[in-house]
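Report on the following structure.
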Amino acid sequence: MNFLKKFEDHLVAPKADLNLQLSDSYVVLGENLEGTLSVLPHEDIMAEEVRCEIRCVENTQVWRTEFDPALRQEVNRQVTEQRVLYSAKPTCSPAVQLSSGAQKEFKFSTNIPAGGRPTFQSATDTVTWQVKGVVAVKGRPDVTTKELLVEVILPSQRPANEPPKVKLVACVYCQALMPENVLACPNCGARRTAQ
């Protein structure tokens, strides 16, 4: 019986509920995609890694000349070609023990390249950004969330009333939070040091 359980474990992913929440409904090229991956395991899991997988995929309709054996001649056909333009697997957590019934949350933040392609859809072409959460387990299939579509926009498409996101850093002297792009702490006036 123990042998069958071990064999089944190699074929079946661990039992866990995963929920991926993004901080915003869209992200601007060159800025960070941020979110939280919640994991509620229904069994004890020794995870090798908790990560997110992000892909930018382009689907295009192109015409190809192919030989048709039924017609015994070359014919033009419209086919769909798919290319992965960008792929990343940012780590939310290295190896971690997940206990049955104890929910854990893992935050992630990863940069969307400024030179990437924004989300696009036309009658023949699409560019989509997808993200999913993954709990990797050695010797067993990974536990994954469904892929979420992410709206990626150009900086010029940012709503007019929303300023660009600025990362906050702590002042080394008074520990007050300040924007990373200022030269002096607004609280104590000390010059900001490189971090």
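The values are calculated or read from the model by the stated rules, or taken from the named source; none is laboratory data. Since the structure is predicted, the reported quantities are computational estimates derived from the model, not experimental observations. As a convention, Cβ positions derive from the backbone with ideal geometry for all residues, glycine included, and neighbour counts pool all protein chains shown.
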Report yes if some residue within region 6-28 is among the β-branched types (V, I, T), touching a Lys or Arg at 6+ places or on another chain (Cβ under 8 Å) and surrounded by 14 or more Cβ atoms within 10 Å (Cβ to Cβ); otherwise report no.
yes
May I ask you to list the residues in region 70-86 that are surrounded by 11 or more Cβ atoms within 10 Å (Cβ to Cβ) and in contact (Cβ under 8 Å) with a residue 24 or more places away in the chain?
L85, Y86
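If you scan region 72-83, which residues turn out to be touching a strand residue (DSSP E or B) at 6+ places or on another chain (Cβ under 6 Å) and over 12 Å from D125 (Cα atoms)?
First pass over region 72-83, keeping only residues touching a strand residue (DSSP E or B) at 6+ places or on another chain (Cβ under 6 Å): 74-83.
Selection gives E74, V75, N76, R77, Q78.
In the set E66, E48, which member is surrounded by 14 or more Cβ atoms within 10 Å (Cβ to Cβ) and more than 17 Å from the chain's Cα centre (by Cα)?
Numbers: E66 fails: surrounded by 14 or more Cβ atoms within 10 Å (Cβ to Cβ).
Answer to the selection: E48.
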In region 126-166, how many are surrounded by 14 or more Cβ atoms within 10 Å (Cβ to Cβ) and either among the acidic types (D, E) or assigned to a strand (DSSP E or B) (or both)?
20
Could you say whether any residue in region 34-41 is surrounded by fewer than 15 Cβ atoms within 10 Å (Cβ to Cβ) and either among the hydroxyl-bearing types (S, T, Y) or over 30 Å from S100 (Cβ atoms) (or both)?
no
Under 7 Å between Cβ atoms, which residue pairs at least 6 apart in sequence (or on different chains) link something in region 101-125 that is hydrophobic (A, V, I, L, M, F, W, C) and in a loop (DSSP other than H, G, I, E, B) with a partner that is modelled with pLDDT of 90 or more and surrounded by 16 or more Cβ atoms within 10 Å (Cβ to Cβ)?
I112/V27; I112/L29; I112/E31; I112/L33; I112/V152; A114/L29
